[in-house]
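A short write-up of the structure that comes next.
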Amino acid sequence: MRSLRMPLIILLCAASVFAKRGLANQDGQKPAAMLPKQGISAPSTRPAGLEPLVGGKISPDSPVLTVERPCGQPGKGTRQSDCKSVVTRAEIDSLLDLLEPNASPAARRQFAVDYARLVAASEAAKRRHLETDPAVAKQLLIQQKLIHMQVLANTFYRQIEAEASNVPIPEIEKYYSGHLLEFERGEARRLVVPKQVSTPGTQPLDASILKTKAEELQTRAAAGEDFDKLQHVAYEDLGIKAAISNTKLNMVRRANLSAEESKVFDVDPGQVTQVLESPNAFVVLKLESKKILSLEDAKPEIVPFLQRERAKQEIRDATESGKAQFNLQYFGLASAPELFPPPQVTGLAGERKTQSEFSQRIGARRPMMPRRLEVTISPLTTR
């Protein structure tokens, strides 16, 4: 969970708070609850049992902070409401629901205190007419512009995520039927003869000797001898003192094996492969059984992949429709950066801390998108 710190409050709240409070002072009405602008989704309900603050029974329009200021000599048209600023529970709740709807009660309480301090400090600044300082006025305009762009950019990425999450069933079925081999899995046995074998007082064995031993084992395996027994024979005959590797491969998939070893799926169940060569060993495999996952079983693995692909396509479309020319000398870059870095499709299956086997496998060939991009302008933090 993101921490609710003062710089974030200042960035997202200050401009709209000042503008809205000014409108409220003009008409003498209490400020309404701050709600997200159109296009920005915000939770309509708070998590069950999570009251924002200790005073959970306070009505939404009740003041939770009132900052009074000197009015001087009352003038024509001056109202008592012009001499104070009121913050309601609804105002703070709306900000919390927008910025951190799942915050703990302690975090919500600290947010409210920080926000009250922000209001008080801004009122003190206005009493000193600091907003009329040209440097302050310029900073306010710049921050308002950047916050405006930040909110729009984040809404753009969230919209892409929402659209990408709705993968049509025909699209899932099409991918499944076109990639059946990716969902094939089976039980197999594997014999390994390492290429680097040294025995005490001797030179490493020649590769031809090791391959001959592997071919002998392959013949015996094809005749039906047990793989565990043959693996023991290989280690004993070659004088290998290391721990014997397990021969059984449970529900393995093609992509879990090397390109050579994946050939085991090309033989019939019960059959043994020829001697296969990898960089570090000679290998013999036997396919005991195999099957293809059903569409229903494969869906939890297909859907997150298609969601990422759909999101990346939306990003590509946005990139093509919004070309930009970078002054590479100014940026100190050899080539132009991506205009729209691809966002992570957060909240979608397969993007949690533990990915499915399929997601990990696909990720090795098609890089997964980085963490979701939230556009933030950190230099705006008030110093």
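Quick grid of which residues meet (1) touching a Pro at 6+ places or on another chain (Cβ under 9 Å); (2) farther than 30 Å from residue 303 by Cβ; (3) open to solvent by 60 Å² or more (accessible area, probe 1.4 Å); (4) free of Cβ contacts under 8 Å to residues at least 40 places away in the same chain:
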position	(1), (2), (3), (4)
212	no, yes, yes, yes
247	no, yes, no, no
257	no, no, no, yes
261	no, no, no, no
281	yes, yes, no, no
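Considering only residues that are in a helix (DSSP H, G or I) and among the aliphatic types (A, V, I, L, M), which ones fall in the range 82-109?
90, 92, 95, 96, 98, 99, 106, 107
Being more than 25 Å from residue 262 (Cβ to Cβ), exposed (fewer than 12 other Cβ atoms within 10 Å of the Cβ) and modelled with pLDDT under 90 is the requirement here; does residue 203 meet it?
Yes.
With the requirement that a residue be open to solvent by 60 Å² or more (accessible area, probe 1.4 Å) and in contact with a strand residue (DSSP E or B) (Cβ under 7 Å, 6 or more places away or on another chain), what does the range 283-336 give you?
Hits for the range 283-336 are 288, 290, 291, 292.
Residue pairs, Cβ under 6 Å, 6 or more apart or interchain, first in the range 226-245 and within 22 Å of residue 270 (Cβ to Cβ) and of a type outside the set (Val, Ile, Thr), second open to solvent by 60 Å² or more (accessible area, probe 1.4 Å) and not in a helix (DSSP H, G or I). List them.
So the pair list comes out as 231/244.
For the condition aliphatic (A, V, I, L, M), over 32 Å from the mean Cα position of the chain (by Cα) and part of a helix (DSSP H, G or I), what is the one hit in 112, 188, 125?
125
Report whether or not residue 97 is among the charged types (D, E, K, R), under 23 Å from the mean Cα position of the chain (by Cα) and buried (at least 18 other Cβ atoms within 10 Å of the Cβ).
So residue 97 fits the description; yes.
Do we have any residue at all in the range 100-115 that's of a type in the set (Gly, Ala, Ser), open to solvent by less than 40 Å² (accessible area, probe 1.4 Å), over 30 Å from residue 308 (Cα atoms) and free of Cβ contacts under 8 Å to residues at least 24 places away in the same chain?
The answer is no, given that none of the residues of the range 100-115 is of a type in the set (Gly, Ala, Ser), open to solvent by less than 40 Å² (accessible area, probe 1.4 Å), over 30 Å from residue 308 (Cα atoms) and free of Cβ contacts under 8 Å to residues at least 24 places away in the same chain.
Please state which of the following conditions residue 221 fails to meet, knowing it meets all the rest: (1) part of a loop (DSSP other than H, G, I, E, B); (2) surrounded by 13 or more Cβ atoms within 10 Å (Cβ to Cβ); (3) modelled with pLDDT of 90 or more.
(1)
Examine the range 263-278 for a residue that is within 28 Å of residue 192 (Cα to Cα), in a helix (DSSP H, G or I) and open to solvent by 20 Å² or more (accessible area, probe 1.4 Å), and state whether such a residue exists.
The answer is yes; a qualifying residue exists.
Considering only the range 128-164, how many residues are touching a residue at least 40 places away in the same chain (Cβ under 8 Å) and among the basic types (Lys, Arg)?
So the answer is 1.
Go through the residues of the range 265-280 one by one and say whether even a single one is at pLDDT 90 or above and more than 20 Å from residue 222 (Cα to Cα).
No, the range 265-280 contains no residue that is at pLDDT 90 or above and more than 20 Å from residue 222 (Cα to Cα).
Looking at residue 191, is it open to solvent by less than 40 Å² (accessible area, probe 1.4 Å) and touching a helix residue (DSSP H, G or I) at 6+ places or on another chain (Cβ under 6 Å)?
It is true that residue 191 is open to solvent by less than 40 Å² (accessible area, probe 1.4 Å) and touching a helix residue (DSSP H, G or I) at 6+ places or on another chain (Cβ under 6 Å).
The values are calculated or read from the model by the stated rules, or taken from the named source; none is laboratory data. None of these values were measured; they are calculated from a predicted model. With ideal geometry, Cβ positions are generated from the backbone for all residues, glycine too; neighbour counts draw on all protein chains shown. Please note that ligands, DNA and RNA were not included when accessible areas were found on the heavy atoms of the full protein model with its side chains. Shrake-Rupley method; radii C 1.70, N 1.55, O 1.52, S 1.80 Å.
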